[in-house]
Amino acid sequence: MRLPNNKKIATTLSGDPLTKKDLATCFTPMQWLNDEVINSYLALIVDHLRRTNNNAGRHDKPRYHAFNSFFFSNLRDKGYESVRRWASRAKIGGAALLDVDTVFVPVHNSHHWTLILVKPRDRTIENFDSLGSVSRQHVATIQKWLAGELGSAYIAKDWTLLPSTSPQQNNGSDCGVFLLTTAKAVALGLDPLCYNPTDIVTIRQKIVAELMNGGLHGDFLPQAEDGAIRL
């Protein structure tokens, strides 16, 4: 963190650089996480899910996916047509979406990050907000995407909005950290309430370390030697 802002510190799974300036938004207490950290860390979570669920082969149809942070804003502001090809490019488009286990959707709205979790195989939607409760407006936006993507295969009454609880932040700047940590907890099968605001400084540092490590493996494998799953 003493290096110049434009110094490359790590590389995303897609090969893009993460600079000191990017990572400092997470490492520095009370800073808002930028899009690069949100997107690259969600990619690490998806990579871990695919590897640990035998879904990482070149010809495997993805059962886990994370849209980047521009997906929801385009969908909300410009409608389904603006993201019509996004799922197809990720190989989860159309009817194939119903075979997908989990889709992570980061939501940035009015300077606040929240998480929407879609489980197409289970036909469920969850909305985790570290400053409040479920946003019906955000959920309705995702339902419009599902209707556009699935066409006649979308049967609204078959989908359930689950009651979701999130740890609550105690300031106005940690929402991105809560988004990522809740996504990780869900991916690992942990209760999203397994952490709280007192953990955030350490979690910020760990997110940076995991990004520098290039994934949730090695020293950062979520499964401890005794078999316990750790956040």
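The values are calculated or read from the model by the stated rules, or taken from the named source; none is laboratory data. As the structure is a computational prediction, the values presented were derived from the model and not from experiment. Please note: Cβ atoms are built from the backbone with ideal geometry, for glycine as well, and neighbour counts cover all protein chains shown. We work out accessible area using only protein heavy atoms, side chains counted, and drop any ligands, DNA or RNA first. Shrake-Rupley method; radii C 1.70, N 1.55, O 1.52, S 1.80 Å.
A few comments on the model shown:
- Largest GNM mean-square fluctuation among C26, C175, C194, using the chain with Cα springs under 10 Å: C194.
- The distance between label points at A156 and Q223 comes to 4.2 nm (points 7 Å beyond Cα on the Cα→Cβ vector).
- Amide H contacts of T11: L18, each under 5 Å away and 5 or more positions distant or on a separate chain (H built 1.01 Å from N in the peptide plane; Pro and chain starts excluded).
- In Hz, Karplus ³J(HN,Hα) per residue of segment 18-26 (6.51, -1.76, 1.60; θ = phi - 60°; x = Gly, Pro): 10, 8, 4, 4, 4, 5, 5, 5, 9
- Loop-located GluC sites (Glu not before Pro) in segment 141-231 whose Cβ has at most 13 other Cβ within 10 Å (DSSP): E225
- Tilt relative to the chain, helix 175-187 - C-alpha long axis, 0 to 90 degrees, to 10: 70
- As a rough guide to protection, the peptides 67-73, 2-8, 160-166 ranked by mean Cβ packing within 10 Å, highest first, stand as 67-73, 160-166, 2-8.
- With the whole protein complex present, D122 retains an accessible surface near 100 Å², based on a 1.4 Å probe.
- Between helix 200-213 and the chain: long-axis angle, C-alpha atoms, 0 to 90°, nearest 10: 80
- Considering only A187, N55, A95, the residue lying farthest towards the positive end of the dipole of the chain is A95, judged by Cα position with unit charges set on Cβ.
- Only protein heavy atoms count here; on that basis, with a 1.4 Å probe, K78 has an accessible area of about 150 Å².
- Exceeding the 32 Å Cα-Cα cut-off - candidates K78/K119; K78/K184; K21/K144; K8/K119: K21/K144; K8/K119
- For the chain, with +1 on Lys and Arg beta carbons and -1 on Asp and Glu, the positive-most of S69, G214, Y80 along the dipole: Y80
- For the chain, the longest principal axis of the C-alpha atoms and the axis of helix 69-78 are separated by about 40°.
- Whole-number accessible area per residue in Å² for the chain, which is evaluated in the context of all protein chains at 1.4 Å: 50
- Rg ratio for segment 1-74: its Cα radius of gyration over 2.2 N^0.38 Å, N being its residue count, equals 1.27.
- Summed side-chain charge close to E210 - residues other than E210 whose Cβ falls under 13 Å, Lys, Arg +1, Asp, Glu -1: +2
- Accessible area of the chain belonging to carbon and sulfur atoms, whole % at 1.4 Å probe: 49
- The calculated pair-distance distribution of segment 119-209 uses every alpha carbon pair, bins of 5 angstrom beginning at 0, and gives 3, 12, 22, 21, 15, 13, 9, 5, 2, 0 percent.
- In the chain, helices alone account for a calculated mean residue ellipticity at 222 nm of -11000 deg cm²/dmol, with every DSSP H run of four or more residues adding -39,500 (n - 2.57).
- Legend: P(r) of the chain from all alpha carbon pair distances, 5 Å bins from 0, whole percents, reading 1, 6, 14, 19, 20, 17, 13, 7, 2, 0, 0.
- Point-charge dipole on Cβ atoms (K/R +1, D/E -1) for the chain, about Cα centre, debye to 20: 600
- Unit charges on C-beta of K, R, D, E only; dipole of segment 1-130, Debye: 400
- If you take the Cα centroid of segment 1-39 and the Cα centroid of segment 161-210, the two points sit 19 Å apart.
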